[in-house]
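J.: The following block contains the structure, expressed as structure tokens.
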Amino acid sequence: MKCTRCKAKAEVHLRAHNAGFCRPCYLGYFRRQVERAIEREKMFHPGEHILVAVSGGKDSLALWDVLVGLGYRTTGLYLGLGIGGYSDRSHDTVEAFARARELPLVERTLADEGPGLAVPDVAVSTRRVPCAACGAMKRHFFDAAAHEGQFDVLATGHNLDDEAARLLGNVLRWQRDHLARQRPVLEPTHPKFVRKVKPLYLLSEYETAVYAFMRGIDYIVEECPNAEGATQLVYKDVLNRLEAASPGTKHAFVKEFVRTAQALFADDAARGVPGECQQCGMPAYGALCSFCALVREVEAKRARRAAAAALAGA
Amino acid sequence: MRVHLHPQRRTVEVIGRRSVGRLLAELGVLPSTAMVIRRDELLTDGEMVEDDDEIEIRAVISGGAMNDRRTCGPPAVETVVREDARESGCPDAPSEAGALRPLEKTGGFAKRNHPYGSTGAQRPRARGQSAGSREGTRWL
């Protein structure tokens, strides 16, 4: 197969675009796609300071790499989730990436924020699915770090496959309020929130993995052990079968939703203006934000368990 | 050739020259869900791989292959001759039921001649592959 642009030997075949690329042309293609998404969706401009949430996976590190390459002012944010060896390896990977490129990195660790706040502990004590507990805590710390650091934008590495799987899940249950918020750019609804953007939302996992490989980015190949059995993986599997039968399906599904259908759900997004959490001061729709409510639940369960252990000992 | 699958941490011995597309299909890997790497080079579906090649198939899907996740511990050691067993009608031959494979197109030539047709036993031989061919896939 030959490169669609320069006719050299192709190293990558993008079935969705019916195109092949050699290494230099592919890297140029990938950067252009990110640039176009940033411009088309008005995600941010060169003067703004971007906080990039990085996990050590291919998507977030590829995003950070391409944003730096495009000349944006960025800082990485790593959140240690406390998921055993997986978190240790992802931390080392992110730290090595930032050190090698002399990039600023903000690090937070859930276990340091309070007893029993590592994701596995929260999941056990609150009997939640680990991904649900993880999502609530990530959102809180990302928002808090962006506000404390006075960043203009929070960028995440959500890719086409993530967005297509999420869209499929939302459509299957007709979750209108979720569909209303599924956009590549989320404008802040409170002064303590910053704009949230997903510059990779039209680039597939395959494309980000190829970019990371070609750029020599050392990323965590293994996925979070808690992801096993997650519903999102079932949706991704179904979408990949559709994609194999009809290349371009995922791209059209997400792109056309954002372009034509998303606005139809705009009214369903109206949750009012959030107030402030009585505990931490971050935006909240109730007395407590979802993170502080979770912390309170964990503390109550821990206290109950300690009391039961003391009784058993006596 | 030796084919290393990541993140499943499995190694497969595959005998016989073939295209990357065919290798992926035999291993139940959907196109564009894995990178095929030979040394420091990515391979497209039409590229040929040889007996003395060392190949890495690196899944790009978060969570890896859904039915085949194994991300820690020593590499898997399995000895199953996949193709040979299936062709002989062996009841213990590994089924494709759990493998990732594309949806069949409905009706017409594509469905009747799909290599993993509804019976599963009528898989056509590849061009140039005789009944006694040594080609096969051995899971190590």
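Any read-out appearing in this document is the output of simple, stated calculations on the displayed coordinates, not a laboratory observation. Note that the structure is a prediction, hence the values are computed from the model and not measured. Reconstructed Cβ throughout: ideal geometry from the backbone, glycine too, with neighbour counts over all protein chains shown.
J.: In the structure displayed, which of A:LYS42/A:LYS192; A:LYS58/A:LYS301; A:LYS7/A:LYS196 lie more than 30 Å apart, Cα to Cα?
T.: Cα-Cα > 30 Å for A:LYS58/A:LYS301; A:LYS7/A:LYS196; rest within.
J.: What's the angle, to the nearest 10 degrees (0 to 90), between helix A:23-40's Cα axis and the longest principal axis of chain A?
T.: For A:23-40 against chain A, the angle is about 60 degrees.
J.: Shifting gears a bit: Would you mind computing Rg(Cα) / (2.2 N^0.38 Å) for the stretch A:159-314, counting N as its residues?
T.: Scaled against compact globular proteins, the figure is 1.37.
J.: Based on the Kirkwood radius over alpha-carbon pairs, what value in µm²/s does the Stokes-Einstein equation return for the translational diffusion coefficient of chain A at 25 °C and 0.890 mPa s?
T.: 117
J.: Can you return the aspartates and glutamates within cross-link range of A:LYS255? Criterion is Cα-Cα under 18 Å, with same-chain partners fewer than 8 residues away left out.
T.: A:GLU35, A:GLU39, A:GLU41, A:ASP161, A:ASP162, A:GLU163, A:GLU205, A:GLU207, A:GLU243
J.: Mind checking the alpha-carbon convex hull of the stretch A:81-135 and giving the volume per residue in Å³?
T.: Enclosed volume per residue, from the Cα hull, is 79 Å³.
J.: Would you tell me the mean number of C-beta atoms belonging to other protein chains that fall within 10 Å of each C-beta in B:28-37, as a whole number?
T.: 5
J.: A further question follows. Each residue of the stretch A:108-118 in order: what ³J(HN,Hα) in whole Hz does its phi give by Karplus 6.51 cos²θ - 1.76 cosθ + 1.60, θ = phi - 60°, with x for Gly and Pro?
T.: 10, 10, 4, 4, 7, 7, x, x, x, 9, 5
J.: So if I restrict to the alpha-carbon atoms in the stretch B:1-64, what is the Rg, and what is Dmax, the biggest pairwise distance, in Å?
T.: Calculated on Cα positions, Rg and Dmax stand at 10.6, 31 Å.
J.: Could I ask something else about it? For peptide A:9-21, compute the average count of partner chain beta-carbon atoms within 10 Å of each residue's beta-carbon.
T.: Counting Cβ atoms of other protein chains within 10 Å of each residue's Cβ and averaging gives 3.
J.: So, one more: Any chance you could list the semi-axes, whole Å, largest first, of the equivalent ellipsoid that the Cα gyration tensor gives for the stretch A:163-248, using √(5λ)?
T.: 24, 21, 14
J.: Related question: On alpha-carbon atoms, Rg over Rh for the stretch A:85-198 using Kirkwood Rh?
T.: My calculation of the ratio gives 0.98.
J.: Consider all pairwise Cα distances in the stretch A:1-148 and report the whole-number % of them above 22 Å.
T.: Percent of Cα pairs beyond 22 Å in the stretch A:1-148: 53.
J.: Can you work out ³J(HN,Hα) from phi for every residue in the stretch A:197-202, in order, using Karplus 6.51 cos²θ - 1.76 cosθ + 1.60 and θ = phi - 60°, giving whole Hz and x for Gly and Pro?
T.: 10, 10, x, 9, 5, 10
J.: From the helices alone, meaning DSSP H stretches of at least four residues, give me the mean residue ellipticity at 222 nm for chain A, per-run term -39500 (n - 2.57), in deg cm²/dmol to the nearest 500.
T.: -15500 deg cm²/dmol
J.: Then there is this: Using bins 10 angstrom wide from zero, how does P(r) for the stretch A:261-308 break down, in % of all Cα pairs?
T.: 25, 29, 26, 14, 6, 1
J.: Where does the charge balance sit around A:SER125 when Lys and Arg score +1, Asp and Glu -1, over other residues with C-beta under 13 Å from its C-beta?
T.: +4
J.: Taking Rh as the Kirkwood radius computed over C-alpha pairs, what is the Stokes-Einstein D of the stretch A:35-107 at 37 °C in a medium of viscosity 0.692 mPa s, expressed in µm² per second?
T.: My calculation gives 255 µm²/s for D.
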